[in-house]
Each structure stands twice: as structure tokens, then as C-alpha cells.
Amino acid sequence: MKQRNLPTRQTVSGMVEPSSADYVELGEDSSPNTEKYQKVSIIPLVFLIFYEVSGGPFGVEDSVQAAGPLLALLGFLLVPLIWSVPEALITAELGTMFPENSGYVVWVSSALGPYWGFQQGWMKWLSGVIDNALYPVLFLDYLKSAIPALEGGLPRTVAVLVLTLVLTYMSYRGLNIVGWVAVLLGVFSLLPFVFMGLVAIPKLKPSRWLVADLGDIDWSLYLNVLFWNLNYWDSISTLAGEVENPNKTLPKALFYGVILVVFGYFFPLLIGIGATPLDRHLWTDGYFSDIAKMLGGVWLLTWVQSAAALSNMGMFLAEMSSDAFQLEGMASRGMLPELFAKRSPYGTPLVGILFSASGVILLSWMSFQEIVAAENFLYCFGMIMEFIAFVKLRIDRPADSRPYKIPVGTAGAILMCIPPALLILVVLAFASLRVMVISMVAVVIGLVLEPCLRYSEKNRWFRFSTKTDINDMMKT
């Protein structure tokens with residue numbers, strides 16, 4: 001991602017006509033109250049991106065079961081080029097064009113209007129909360145072999161609640177703390193696979209990497225696993241207002257994040273497939289623990305299981321921070337009641353954290369497969385709007401400052417969005433009827449919720465921010 005040395009201050013001349021002294025420009029000064037809080041530097045930001053998107057190879061095992069070794073390996077090499085790289089590039093361009101916590105919400109609002117910006121925020125926030133409902137459950141799944149009481153019933157329910165509350169409190173204590181915790185967890189989660197690679201060298205058989213059976217492929221499972229493990233690059237945009245010098249730091253962090261995520265998937269798959277006898281039916285969630293035991297013994301098994309459990313903590317913290325700061329950014333733009341913009345003494349959006357944590361607890365009843373499919377479905381809708389906003393802003397506002405700009409013209413921007421858009425259509429086509437119904441109900445709720453909030457604002461039921469009202473963006 002090549003940097004461009006453009007001015008760091010974003011203006012909206014020609015688009016907005018300030019009507020009061022409270023007007024605040026879009027750009028790095030659009031969230032002036034954040035200056036007193038400690039900003040996130042590049043290393044924690046890279047690992048926050050890592051945990052927003054990945055968290056390590058835990059959960060990619062099903063790709064081998066679904067499509068075999070060759071397609072699993074090719075999937076985690078080629079899909080990043082089709083999906084992850086374009087999404088990361090768009091995030092780098094628009095995230096530096098609008099370096100504030102509303103992230104993709106302000107992108108869509110600027111291009112399509114505040115109503116659709118709100119829909120973007122609703123669908124992305126809901127998909128993030130659905131995603132986060134998964135991690136406390138997965139954490140306990142890795143512990144239940146050591147603590148059988150966590151298998152189910154009241155002890156498991158209590159454990160989920162307690163774990164959610166503990167992780168929520170960590171999110172409350174500050175984004176910088178969350179960032180450095182993510183660094184420690186990331187190093188701890190990836191190191192066992194480096195050791196696994198070293199001990200596996202004498203046992204590697206490259207011929208196992210080329211095994212394929214095109215007549216026995218579960219396309220729905222295969223595509224959902226790939227898509228789930230390679231999306232959410234844009235989530236970091238909702239933390240852009242908390243980043244130190246985002247115009248330079250954000251593109252660099254996304255570049256390093258892509259490398260780290262792809263390596264963190266491909267290398268463990270390469271080792272696991274090449275060093276163990278192939279039995280596709282064994283490749284399910286948690287199989288890397290069995291591979292670790294076969295290659296290194298109990299000590300490596302214990303390390304991988306611990307890394308998997310702690311990785312879920314890292315993903316929860318990163319997602320919780322992104323969801324909560326998104327609500328704070330929307331409130332600062334007047335799209336949500338002002339109480340969502342209030343910050344704790346640690347600089348974190350308290351109401352946004354509590355609201356997101358409540359959503360996690362309420363949605364924890366869904367199964368793993370339903371969670372993955374439902375969040376993918378909602379996420380796809382949001383990404384379609386992002387692609388449209390990206391192209392429309394290139395057409396309507398070509399002269400606006402873009403501290404990082406993808407080195408393609410308008411035609412190139414359109415062509416870049418076609419492959420990931422086609423992938424989105426394929427993922428949507430494979431969704432079950434149950435997931436479609438649940439997701440469409442969620443979409444309808446968002447369509448109704450926005451005018452209800454505007455009605456409550458008109459009747460002064462809630463206090464809304466006015467100094468950065470999103471509606472001002474659309475004035476000419």
C-alpha cells in the first residue's frame with residue numbers, strides 16, 4: 001500500500017455550507033474531544049486488525065473437510081486477493097479520507113445520504129455483535145475437556161456470563177490497553193505453530209498438499225469458512241479517531257495486517273496437511289490440537305489449546321472495541337442519542353460497550369453455524385453499500401483530499417469491486433432459508449428504527465448531538 005504525501009487535513013468545501021459556529025469539519029479534527037486520550041500506535045493497531053479479522057488458524061480446519069487439502073490451501077491464497085486485499089485497500093483510502101470513529105457509516109452517509117449511512121451502521125454493528133456472541137462459547141469449548149462441568153447446563157451459562165462481563169470490563173479500561181493485550185495474545189497464539197513447523201519438517205510429504213476430489217465438495221461450508229475467516233477488514237475504520245496519525249498509520253497497519261493474517265492461516269494448514277496422514281473427516285474445529293499432539297506431544301497440545309482459548313479473548317476484545325466506538329461515532333454525528341457519545345474516564349464509550357455486551361449475551365443462544373451464516377449474510381449487505389460508496393465518492397468528489405489513494409482511476413475502482421461483489425452474491429446464494437429470514441427481519445428493523453429515532457429527536461425524547469449532525473454533510 002503505497003503512501004501518498006497529501007495534506008492531512010480533510011475539508012468538505014463545495015459540499016457543505018456551515019450554518020453555525022458549532023460546525024466541525026470532517027477529518028482529523030472532527031473528534032476534538034479525543035485529543036486528551038492516549039492514541040493507538042501502529043504495533044497495537046496491527047494486532048487489533050489481526051484479531052478483528054482472524055485471531056489465528058483456529059476455525060479454518062473445516063475448509064479441509066469441506067473441499068480437501070488443495071482447495072483449502074488455494075482458498076487461503078486466492079480469496080485474500082479477491083476479497084481481503086480490495087477490502088483493505090478501500091478501508092485504507094476511505095479511512096484516511098474520513099479518520100473518525102463512525103468509519104464506514106460516514107463513508108456511506110457521504111455518498112448515499114444519512115438514512116443509508118444509518119442502515120450501514122445498524123447492519124455492521126449487528127453482524128459484529130453476532131460475531132462476538134461466538135467467542136465466549138468457543139473459549140469454554142476449549143476448556144470443557146479439562147473442566148467437564150462446562151459442557152452444558154447452568155455452570156456453562158454462568159461461565160458465559162462471567163467471561164463476557166470480565167472481557168467487557170477490559171474493554172472499558174481503555175483501547176490502548178486492549179491493543180497491547182492483543183499484541184501479547186497474538187504472539188502467544190502464533191508461536192506454537194512456528195514450533196509445530198520446526199518439528200514437522202522431517203515428516204512433511206508435499207504430495208499431500210495436492211490431493212483434491214472435485215466430486216466431493218461442500219461448497220456452502222467451504223465458502224462460509226473462507227469468507228468468515230477473511231472478512232472484517234473495514235472494522236478497524238471505526239477506531240480511526242483513536243489512532244495516532246491515522247493518515248500514515250492506518251494504511252501501514254492494514255498492509256502488515258494482511259500479511260500477518262494470510263501467513264497465520266496458510267502456514268499452519270501447510271504444516272498440518274503435509275505432516276499428518278490425510279483423513280478429511282477429522283478436520284473439524286479443534287483438529288490443530290490433535291495435530292500438535294501427534295507432532296510435538298502433550299506440551300505442544302497444551303500450548304495450542306491455550307492459544308486457541310486466549311485467541312477467542314483477543315477477538316472478543318477487538319470486536320467489542322470496534323462495535324462500541326462505532327456507536328460513539330454515530331452518536332457524535334447525531335445519528336444516535338448523545339448518551340452513546342459519552343466517554344468513561346479511560347476514554348472508552350461506556351454506553352456503547354454496555355449496549356454491545358447486552359447484545360452479545362442476548363444472541364448467545366444461536367448455534368455456531370447459524371452465527372457464522374447470519375453474520376456473513378448481514379455483513380454482505382453492508383459491504384455492497386461500501387463498494388457503492390467507494391465508487392460514488394470517486395465519481396462525485398474526485399478532488400477531495402485522500403491521504404492514501406489506491407493508484408487506480410474510476411474505471412479501475414469499479415473493476416476492483418467486481419470480484420468481491422460476485423463473491424458476496426455466491427455467499428448469499430448459499431444461505432439457508434432460516435438464516436435469510438432472521439437476517440431480513442434484522443434489516444427491516446433497521447429500516448424502521450432510523451425514522452423512529454428521527455421522530456424521537458423531533459419530539460425531544462432524547463438529546464442528539466448537533467455540532468456534527470450527519471445531515472449537514474448533505475447540504476450544498
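The values are calculated or read from the model by the stated rules, or taken from the named source; none is laboratory data. This is a predicted model, so every value here is computed, not measured. Cβ atoms come from the backbone with ideal geometry, glycine included; neighbour counts cover every protein chain shown. We work out accessible area using only protein heavy atoms, side chains counted, and drop any ligands, DNA or RNA first. Shrake-Rupley method; radii C 1.70, N 1.55, O 1.52, S 1.80 Å.
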Among the numbered criteria (1) surrounded by fewer than 18 Cβ atoms within 10 Å (Cβ to Cβ); (2) in a helix (DSSP H, G or I), which one does PHE377 miss?
(1)
Farther than 19 Å from PRO86 by Cα, touching a helix residue (DSSP H, G or I) at 6+ places or on another chain (Cβ under 7 Å), among the polar types (S, T, N, Q) and open to solvent by 20 Å² or more (accessible area, probe 1.4 Å): is that true of THR284 in this structure?
yes
Take the residues of segment 212-224 that are part of a loop (DSSP other than H, G, I, E, B) and small (Gly, Ala, Ser): which is farthest from LEU300 (Cα to Cα)?
GLY215
Tell me the residue from ILE438, ILE424 that is open to solvent by less than 30 Å² (accessible area, probe 1.4 Å), assigned to a helix (DSSP H, G or I) and either touching a Pro at 6+ places or on another chain (Cβ under 8 Å) or modelled with pLDDT under 90 (or both), please.
ILE424
In this structure, is GLY128 modelled with pLDDT under 90 and on the phi > 0 side of the Ramachandran plot?
no
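The rows are residues; the columns are (1) in contact (Cβ under 8 Å) with a residue 60 or more places away in the chain; (2) assigned to a helix (DSSP H, G or I).
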site	(1), (2)
LEU81	no, yes
ALA92	yes, yes
SER102	yes, no
TRP116	yes, yes
MET123	yes, yes
VAL129	yes, yes
PRO136	yes, yes
LEU140	no, yes
PRO155	no, yes
Which numbered condition trips up TYR169, out of (1) within 28 Å of the chain's Cα centre (by Cα); (2) farther than 17 Å from LEU310 by Cα; (3) surrounded by fewer than 17 Cβ atoms within 10 Å (Cβ to Cβ); (4) not charged (D, E, K, R)?
(2)
The correct count of residues that are assigned to a helix (DSSP H, G or I) and either within 16 Å of LEU73 (Cα to Cα) or touching a Lys or Arg at 6+ places or on another chain (Cβ under 9 Å) (or both) in segment 198-211 is 5
Before we move on, is ASN247 in a helix (DSSP H, G or I), open to solvent by 20 Å² or more (accessible area, probe 1.4 Å) and not hydrophobic (A, V, I, L, M, F, W, C)?
no
Yes or no: segment 209-230 includes at least one residue that is at pLDDT below 90, hydroxyl-bearing (Ser, Thr, Tyr) and over 30 Å from ALA253 (Cα atoms).
yes
Residue list for segment 276-324, restricted to those being assigned to a loop (DSSP other than H, G, I, E, B), modelled with pLDDT of 90 or more and within 28 Å of the chain's Cα centre (by Cα):
TRP283
Residue satisfying condition, being open to solvent by less than 10 Å² (accessible area, probe 1.4 Å) and not β-branched (Val, Ile, Thr), within set GLY103, GLY152:
GLY103
Would you mind finding the one in ILE236, ILE273 that is assigned to a helix (DSSP H, G or I), surrounded by 22 or more Cβ atoms within 10 Å (Cβ to Cβ) and either over 15 Å from the mean Cα position of the chain (by Cα) or polar (S, T, N, Q) (or both)?
ILE273
Candidate set: segment 330-350, residues that are in contact with a strand residue (DSSP E or B) (Cβ under 9 Å, 6 or more places away or on another chain) and closer than 23 Å to GLY179 by Cβ; chosen: the one surrounded by the fewest Cβ atoms within 10 Å (Cβ to Cβ):
LYS342
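Each row is one residue, and each column tells you yes or no for (1) modelled with pLDDT under 85; (2) under 19 Å from GLN119 (Cβ atoms); (3) small (Gly, Ala, Ser); (4) in a helix (DSSP H, G or I).
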residue	(1), (2), (3), (4)
VAL372	yes, no, no, yes
LEU428	yes, yes, no, yes
VAL443	no, yes, no, yes
VAL448	no, yes, no, yes
ARG454	no, yes, no, yes
Being in a helix (DSSP H, G or I), of a type outside the set (Val, Ile, Thr) and over 24 Å from the mean Cα position of the chain (by Cα) narrows ALA182, ALA149 down to just ALA149
